[in-house]
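Here is the structure we will look at.
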Amino acid sequence: MKNASNATSARDTSHAAADLQVKVLRAMPASRKLALVEDANRTARQLALAGIALRFPAASAKERVRLLMDIVLSVELAERVYGPRSATAGR
């Protein structure tokens, strides 16, 4: 492999380590790659919900998810999909 990682490696990752990462990822089954992406998305959602909980401690779990959807989808689309936010959410 001729340094396939040059364009995508982090500055703090050696070329040898980046080449190994590429080799491992290329050998990985698609199902495992998908599982890794799902795990990353789940973690990001949990972190976002935790941040919302810190900003809006009085909001219920349902209201926090609705606030997350405002961020993910935009307020306009979230309202079209889920309806208007409750009066207490986001205050």
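Just so it is clear, none of the values below were taken in a lab; they were calculated from the coordinates. Because the structure is a prediction, the values reported are computed rather than measured. A quick note on method: Cβ atoms are made from the backbone with ideal geometry, for glycine too, and the neighbour counts reach across all protein chains shown.
Of note:
- Loop GluC sites (Glu not before Pro), the range 13-91, which have at most 15 other Cβ atoms in a 10 Å radius of their Cβ (DSSP): none
- Placing unit charges on each Cβ (+1 for Lys and Arg, -1 for Asp and Glu) gives the range 29-82 a dipole about its Cα centre, and among I52, L68, L34 the Cα reaching farthest toward its positive end belongs to L34.
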